[in-house]
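Report on the structure given below.
The values are calculated or read from the model by the stated rules, or taken from the named source; none is laboratory data. Computed from a prediction, not measured in an experiment: that's the story for all the values here. Positions of Cβ are generated from backbone atoms using ideal geometry, with glycine treated the same way; all protein chains shown enter the neighbour counts. Protein only, heavy atoms only, side chains kept; ligands, DNA and RNA dropped before computing areas. Shrake-Rupley method; radii C 1.70, N 1.55, O 1.52, S 1.80 Å.
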Amino acid sequence: MSLVDEPTALRAETDTDPYVAPRLEVTDCPRTLSTFDGFAVAGRAHGSRVEGAEVEVSVADVMRTGRVEGGRWLVRFEDGALSRRHMGVRPVAARVTDTWFNQAHATRWVNVDEFVDGFVHVDRHHVVTDEPDAGAHLVASGELGLGTHEQGRELVVMLVCDDAEGVVVSTGLVEPGWHHGEWRARLPLSGVVPGVYRVRALLTDKVCAGLTRLAAGRPFRLA
């Protein structure tokens with residue numbers, strides 16, 4: 001039986017499982033961001049002790065984290081994570097710390113554009129038409145702006161009772177072309193009893209419910 005001194009044993013153990021310092025890559029990162037929409041940053045991590053390590057990504061002092069799994073990592077930023085004061089060219093800085101507390105860094109540069117919100121408005125006056133074939137209709141109009149999100153928008157125009165509950169009594173058919181700043185809608189009046197009503201316009205966004213915008217016109221009386 002032979003004896004091996006401690007330094008030799010330690011060297012032999014190190015030689016069989018050598019330590020590799022961490023290295024970080026950013027493989028997927030948007031070139032342009034907005035000050036509202038969420039986004040994700042992804043990449044690869046290399047090194048002998050990075051599996052399961054936390055990856056920190058910061059953009060304009062806003063930081064989110066993810067973990068290394070199978071050598072890859074993904075960090076998500078939710079809608080609204082960047083505020084309007086973050087506009088301009090900004091670094092996307094990623095950092096990983098392995099289990100031996102050694103760090104690796106990677107940086108990408110992105111352009112952060114201002115997010116323009118949408119709006120909808122209902123005109124003050126409406127017109128009642130009574131056509132032999134189509135019956136009585138209320139023609140309402142207004143203006144809108146889609147803002148940064150031009151896709152995934154929907155406009156719904158309703159006739160509601162002018163009371164605390166605002167019960168919907170008729171839903172209008174919005175005419176084509178409403179994406180271009182103005183809208184018109186025809187609301188059928190069949191079965192609508194005389195009373196005081198309002199026209200309500202609802203602009204929705206399928207990407208985020210927080211971008212829903214609602215406008216109501218002035219109360220008016222239907223005879």
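Specify which of the listed residues (Val75, Val96) is assigned to a strand (DSSP E or B) and more than 19 Å from the chain's Cα centre (by Cα).
Details: Val75 fails: more than 19 Å from the chain's Cα centre (by Cα).
After ruling out the rest, the residue left standing is Val96.
Search region 117-158 for residues being closer than 20 Å to Thr212 by Cα and of a type in the set (Asp, Glu), and hand back the single one that is surrounded by the fewest Cβ atoms within 10 Å (Cβ to Cβ).
Glu150
State which residue is least open to solvent (accessible area, probe 1.4 Å) when the search covers only region 99-109 and only residues that are touching a Lys or Arg at 6+ places or on another chain (Cβ under 7 Å) and either assigned by the TED database to the domain that holds Asp205 or part of a loop (DSSP other than H, G, I, E, B) (or both).
The extreme case among them is Thr99.
Would you mind telling me which numbered condition in (1) at pLDDT below 95; (2) surrounded by 15 or more Cβ atoms within 10 Å (Cβ to Cβ); (3) closer than 19 Å to Ser141 by Cα Gly181 fails?
(2)
Being small (Gly, Ala, Ser) and farther than 29 Å from Thr212 by Cβ is the filter; apply it to region 21-47 and report the residue that is most open to solvent (accessible area, probe 1.4 Å). I'd like the intermediate steps shown before the answer.
Let us first name the residues in region 21-47 that are small (Gly, Ala, Ser), namely 21, 34, 38, 40, 42-43, 45, 47.
Retained after the next criterion (residues that are farther than 29 Å from Thr212 by Cβ): 21, 42-43, 45, 47.
Details: Ala21: 61, Ala42: 17, Gly43: 2, Ala45: 9, Gly47: 32 Å².
The qualifying residue most open to solvent (accessible area, probe 1.4 Å) is Ala21.
Out of the residues in region 198-216 that are loosely packed, with under 15 Cβ neighbours inside 10 Å and of a type outside the set (A, V, I, L, M), state the one that is farthest from Gly38 (Cα to Cα).
So, considering only residues that are loosely packed, with under 15 Cβ neighbours inside 10 Å and of a type outside the set (A, V, I, L, M), the one farthest from Gly38 (Cα to Cα) is Thr212.
Looking at region 62-89, I want the residues that are closer than 21 Å to Thr27 by Cβ and of a type in the set (S, T, N, Q) and have a partner that is open to solvent by 20 Å² or more (accessible area, probe 1.4 Å) and assigned to a strand (DSSP E or B) with Cβ atoms under 6 Å, at least 6 apart or on another chain. Which pairs are those?
The qualifying pairs are Thr65/Glu54; Thr65/Glu56.
Mind listing whichever residues of region 48-70 are assigned to a loop (DSSP other than H, G, I, E, B) and either at negative phi or open to solvent by less than 30 Å² (accessible area, probe 1.4 Å) (or both)?
Of the residues in region 48-70, the ones assigned to a loop (DSSP other than H, G, I, E, B) are 48-53, 60-61, 68, 70.
Once the filter is applied, which keeps residues that are assigned to a loop (DSSP other than H, G, I, E, B) and either at negative phi or open to solvent by less than 30 Å² (accessible area, probe 1.4 Å) (or both), region 48-70 yields Ser48, Arg49, Val50, Glu51, Ala53, Ala60, Val68.
Considering only region 83-90, I want to know if a residue exists there that is in a strand (DSSP E or B) and hydrophobic (A, V, I, L, M, F, W, C).
Within region 83-90, the subset in a strand (DSSP E or B) is 88-90.
So of that shortlist, the ones also hydrophobic (A, V, I, L, M, F, W, C) come out as 89.
Checked against the condition, which is being in a strand (DSSP E or B) and hydrophobic (A, V, I, L, M, F, W, C), region 83-90 yields at least one hit.
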